[in-house]
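First the structure, in the form of structure tokens, and then the observations on it.
Bear in mind that the values in this text are calculations on the coordinates, not laboratory data. This is a predicted model, so every value here is computed, not measured.
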């Protein structure tokens, strides 16, 4: 496959996605958000459990000797922030305040 074909394919996918974006029903937006919340919710839950276990075990990082949970706590915190943003965006999209063009 020549190198220029990759760019053409990407443009085709973008054009295809943009073309059908106006025809997607709200239930598809809701399903997309539900799938995203499910995945990010699992990451938040299990990341939080892992950080809590590292906090309880008081394990230290091998390089600097800092508590391991300092590194792991950001996984559930940031994924929870992503869930919050996904819920906001879905609510805006379903109420009509956000369109695919904006």
Percent breakdown of C-alpha pair distances by 10 Å bin, ordered from the shortest bin, for region 47-87: 32, 43, 20, 6
Hey, what's the Kirkwood Rh for region 25-95 if you take every pair of different alpha carbons, in angstrom? 13.5 Å
